[in-house]
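Below you'll find the structure, written out as structure tokens, and then a few comments.
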Amino acid sequence: MEIILAVVIALVVAVAVTSGLVISGRKKKQLPPAEPPSATPTITAPPAEPHVGEEAEAPREEPRRTIEEVGLPAAEAEAPVVEEPLAEAAPEIEVPEPTAGRLVRLRARLARSQNSLGKGLLTLLSREHLDEDTWEEIEETLLTADVGVAPTTELVDRLRERVKVLGTRTPEELRTLLREELVALVGTDFDRSVKTESDPGTPGVVMVVGVNGTGKTTTTGKLARVLVADGKSVVLGAADTFRAAAADQLQTWGERVGARTVRGPEGGDPASIAYDAVKEGIAENADVVLIDTAGRLHTKTGLMDELGKVKRVVEKHGPLDEVLLVLDATTGQNGLIQARVFAEVVDITGIVLTKLDGTAKGGIVVAVQRELGVPVKLIGLGEGPDDLAPFEAGAFVDALIGD
């Protein structure tokens, strides 16, 4: 029994040894022979991007240099950049239109206000029967056109008398009659020239006054163009130091016609600037000095007193030749209130009516002259630089009543 057990154990051991040898041999056949280690590792380049045409060639191997082998270019000294100041181009000097006959050339603009006065009167006077109702309508037309009560009464009385004497009333006769009476009402005996002549060696001094919004600074600039067109040299004084950009605006007007502007700091003393402007005008032997003053509210006594101070300081150089009051023609009777207050502070010698085209009533010319006893010397008929015209009674009435 023991012999059989030993034989079985021997067989089991033999089978186990034989199985191990077989498995070991199979493992040795599957493993590839190991290569000897290389001295330098091999780096495989990434696949090249696809190209088209000539660029489709395989990239050629070129020698490459390390950053240490690449030489840097020598640093060159950069020349400093000098910025040359831009030379400001001198403003082109404009040649204003001549003033002679300017109102006639601007007649179409003035005629815009004729319907309420000239044509309205002609229509009423052309009625077959001029009864009391018709004459009341004529009075109403004149009052609506801002002629004023006293001038209206005077004109109606004269028209009634002349129509009664005339008898027949053809359109041409009526037009002639109305023209004569309106010209007489506007006045032909006024001296409407702007006074710019002064003592020898002293320029004529013109001061421009008025409330805010009447176009005073613009009128001063346009007046400079009128004087330059008449062959005079002009110096402008920007004494309106309270309104922002007023001095800049006036200087721009002056540069267009070659007139120098004397100005000071914003909020400065207007009287001192006016004084310096006249002083510069004397030094430059200028013909005229135009002084633009602040647009003072006529209800503020302190500001009006300051306007009187400007006038007194200017007169230290010599007499003030002209004081022009600028009125907005569209304000109607309110403009007359302004005119009264200004006339109490400074001696107004002439009136400038602006914005007389469009909705303005032509009768304001008559009313303001009657109120102040001084003539309308200039009228503004638009926004253009040469739309300020010397006033002519005949041309004004012709524009009102039409052809």
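The values are calculated or read from the model by the stated rules, or taken from the named source; none is laboratory data. Not measured: the values here are computed from a predicted model. No Cβ is skipped: glycine too gets one built from the backbone with ideal geometry, and neighbour counts run over all protein chains shown. These accessible areas exclude ligands, DNA and RNA; they are computed on the full protein's heavy atoms, side chains included. Shrake-Rupley method; radii C 1.70, N 1.55, O 1.52, S 1.80 Å.
Before moving on, here are some points about what is shown:
- Residues that are within 18 Å of L166 (Cα to Cα) and either hydrophobic (A, V, I, L, M, F, W, C) or touching a residue at least 24 places away in the same chain (Cβ under 8 Å) (or both) within region 116-136 comprise L121, L122, L124, L125, S126, L130, W135, listed in sequence order.
- Test: R179 is out of contact with any Pro (no Cβ under 9 Å at 6 or more places or on another chain) and open to solvent by 70 Å² or more (accessible area, probe 1.4 Å): yes
- Filtered residue count, region 222-240, keeping only those that are in contact (Cβ under 8 Å) with a residue 60 or more places away in the chain, closer than 17 Å to V95 by Cα and open to solvent by less than 60 Å² (accessible area, probe 1.4 Å): 8
- Whichever residue in region 154-176 is in contact (Cβ under 8 Å) with a residue 12 or more places away in the chain and not aliphatic (A, V, I, L, M) and, among such residues, is least open to solvent (accessible area, probe 1.4 Å): R175
- Residue match in region 354-363 (condition: buried (at least 20 other Cβ atoms within 10 Å of the Cβ), modelled with pLDDT under 90 and aliphatic (A, V, I, L, M)): yes
- Of residues in region 184-197 being part of a helix (DSSP H, G or I) and surrounded by 16 or more Cβ atoms within 10 Å (Cβ to Cβ), the one farthest from the chain's Cα centre (by Cα): L185
Rundown of residues vs (1) surrounded by 18 or more Cβ atoms within 10 Å (Cβ to Cβ); (2) of a type in the set (S, T, N, Q); (3) in contact with a His (Cβ under 8 Å, 6 or more places away or on another chain), yes/no style:
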position	(1), (2), (3)
T214	yes, yes, no
F242	no, no, no
A247	yes, no, no
T252	no, yes, no
D292	yes, no, no
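- Residue check, D398 under 28 Å from E97 (Cβ atoms) and open to solvent by less than 20 Å² (accessible area, probe 1.4 Å): no
- All of (1) out of contact with any Ser or Thr (no Cβ under 6 Å at 6 or more places or on another chain); (2) without any contact (Cβ under 8 Å) to a residue 40 or more places away in the chain; (3) open to solvent by less than 20 Å² (accessible area, probe 1.4 Å) hold for G268 with one exception: (1).
- The listed residue being closer than 22 Å to K195 by Cβ and of a type in the set (G, A, S), out of A367, A343: A343
- A Cβ distance below 9 Å, combined with a sequence gap of six or more or placement on separate chains, defines the contacts here; from region 314-325, residues that are under 13 Å from G281 (Cα atoms) reach residues that are of a type in the set (G, A, S) in the pairs V314/G237; V314/A271; V314/A274; V314/A277; H317/G281; G318/S198.
- Considered as a group, the residues in region 340-375 that are in contact with a Lys or Arg (Cβ under 7 Å, 6 or more places away or on another chain) and either among the small types (G, A, S) or part of a strand (DSSP E or B) (or both) include one that is farthest from D146 (Cα to Cα), and that residue is G350.
- So G210, is it touching a helix residue (DSSP H, G or I) at 6+ places or on another chain (Cβ under 6 Å) and either closer than 29 Å to M304 by Cβ or aliphatic (A, V, I, L, M) (or both): yes
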